[in-house]
Amino acid sequence: MPDTLRTAVSVPTFGDFDARTLGELARAAEDAGWDGFFCWDHVLWDPVGRGVADTTVALAAIALATSRVRFGPLVTPLARRRPWKVAREVASLDRLSGGRFTLGVGNGDDIDFAPVGDPTPARDRAAVLDESLGLLQRLLEEGGPVSHAGAAYRVTDVELHAGTVQPHVPVWVAGRWPHRRPLRRAARYDGVVPLWPGFALPTPKEYAACLEVVREERLENGRGDEPFDALVWSRPDVPDDDRLAAYAEVGATWWVEAFDPHRDDLDVVRRRIEAGPRTGG
């Protein structure tokens, strides 16, 4: 088990947090010693009523403003995106950054789907998510033309010549505890983003129980010895104590401090980022 945590921030894309500002904050995070800088991905939800930055544009700004940190969306609801367009974006961002991109994916919420007629019931979104993930990886990694005939997508002899820097771009999958199905989905990929009701911070014991579901699935699939990331989703104002080490001891690899657009304005976010990561891990 890892005995240290890599540290990152997850920043919203609303109001003052436009693409230029996110690039500037990412540079500040890199300078302050954070290991990762991630941002949200919404199209319709606008909790502050001042506009939403396009996530792909913001990620390009982040890639250009940094040289070391790992970055990506936390998370992209793939059911409202065309897999071949996402594959092209992933490859472009990975090349632009020199191989530092991670794709976070999840099932999303009705608020970004229902108003425009995209798949709304969570079960329907999950089916499209699974199909999208499989097709996305084939488009990025297979050397020849890809054909696919599924319930949501049909492609014929599509070859993107993606040319990513990383032989395999990591995919992290989000899921809400205590639901097991998203965790089992995550076990098939490269990392898990477990979320608790109300985005509460679980105890290390609760977190360990969640990761056990993932471990069991990976062992059944013969992937138990392969590297795998596990994120702890935290608020930036939790006490700075020895709990970070406790999460690392049960299998966490990343401590991610996520900001709330309702509570954290640009000045709050900038000050926390510039203060640097916690050292409790």
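The values are calculated or read from the model by the stated rules, or taken from the named source; none is laboratory data. This is a predicted model, so every value here is computed, not measured. Cβ placement follows ideal geometry from the backbone for every residue including glycine, while neighbour counts extend to all protein chains displayed.
Structural remarks
- Residues located in segment 33-84, provided they are out of contact with any Lys or Arg (no Cβ under 8 Å at 6 or more places or on another chain), buried (at least 18 other Cβ atoms within 10 Å of the Cβ) and of a type in the set (D, E, K, R): Asp41, Arg80, Arg81
- If the condition is being at pLDDT 95 or above, more than 15 Å from the chain's Cα centre (by Cα) and either surrounded by fewer than 21 Cβ atoms within 10 Å (Cβ to Cβ) or acidic (Asp, Glu) (or both), then segment 92-125 contributes Ser92, Arg95, Leu96, Gly98, Gly99.
- Residues within segment 142-193 that are out of contact with any Asp or Glu (no Cβ under 7 Å at 6 or more places or on another chain), over 20 Å from Val128 (Cα atoms) and not aromatic (Phe, Trp, Tyr), tallied: 10
- Residue count for segment 133-177, restricted to those that are among the hydroxyl-bearing types (Ser, Thr, Tyr) and either closer than 26 Å to Val256 by Cα or touching a residue at least 60 places away in the same chain (Cβ under 8 Å) (or both): 2
- Here is the figure for segment 165-181: residues that are over 14 Å from the mean Cα position of the chain (by Cα) and closer than 14 Å to Ala230 by Cα total 1.
- Search result, residues across segment 202-220 that are in a loop (DSSP other than H, G, I, E, B) and either surrounded by 15 or more Cβ atoms within 10 Å (Cβ to Cβ) or in contact with a Lys or Arg (Cβ under 6 Å, 6 or more places away or on another chain) (or both): Pro202
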